[in-house]
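Down below is the structure, laid out as structure tokens.
The values are calculated or read from the model by the stated rules, or taken from the named source; none is laboratory data. Predicted, not measured: the structure shown is a model, and the values here were computed from it. In this analysis, Cβ positions are derived from the backbone assuming ideal geometry, glycine residues included, and neighbour counts consider all displayed protein chains.
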Amino acid sequence: MEEYNGIRSAREKRRNAKQSCSPSSSPGPVAPQTRPRDELGLVPAEVQHEVTVAGSGLPGAEEVRNANWSEVASLKSPVDPSLAEACQDLGAGERGAILLAKSLQADVVLLDE
């Protein structure tokens, strides 16, 4: 149930963001381009699903689905059980982002919570 509430909460935030944005703030279409992997934002599958599937039709869903600045990434090392336990009360997206960052030894993690 907590995971569902987290998804619903994310949807409400995106709806509110849409209502507060003016039409002139949209950057318009972006030309596709290829970027080196070290310039991409790596996104866990849980976040990709939350935004593009569970959030389908909400502001930003289509842009994330077609983004040329991100790549869905998988864990590169086994999950530390103590870290997984510490993250158990987080939403699937936040948990996935933290575990992915740890497995990749990332310098930076962006979370919306």
Given the criterion at pLDDT below 95, within 19 Å of residue 112 (Cβ to Cβ), touching a helix residue (DSSP H, G or I) at 6+ places or on another chain (Cβ under 7 Å) and not in a loop (DSSP other than H, G, I, E, B), identify the matching residue among 50, 63. 50
Here the residues within region 66-95 that are outside any loop (DSSP other than H, G, I, E, B), in contact (Cβ under 8 Å) with a residue 24 or more places away in the chain and polar (S, T, N, Q) are 70
Scan region 98-108 and give yes if some residue there is outside any loop (DSSP other than H, G, I, E, B), modelled with pLDDT of 95 or more and more than 16 Å from the chain's Cα centre (by Cα), otherwise no. no
If you scan region 56-113, which residues turn out to be of a type in the set (S, T, N, Q) and more than 11 Å from residue 44 (Cα to Cα)? 56, 66, 68, 77, 82, 88, 103, 105
State whether the residues of region 30-40 include one that is at pLDDT 55 or above and among the β-branched types (Val, Ile, Thr). yes
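Go through region 67-113 and give me each residue that's in contact with a Ser or Thr (Cβ under 6 Å, 6 or more places away or on another chain) and buried (at least 18 other Cβ atoms within 10 Å of the Cβ). If you could, list the steps in order and put the result at the bottom.
Pass one, region 67-113, residues in contact with a Ser or Thr (Cβ under 6 Å, 6 or more places away or on another chain): 75-77, 103.
Answer for region 67-113, where residues must be in contact with a Ser or Thr (Cβ under 6 Å, 6 or more places away or on another chain) and buried (at least 18 other Cβ atoms within 10 Å of the Cβ): just 103.
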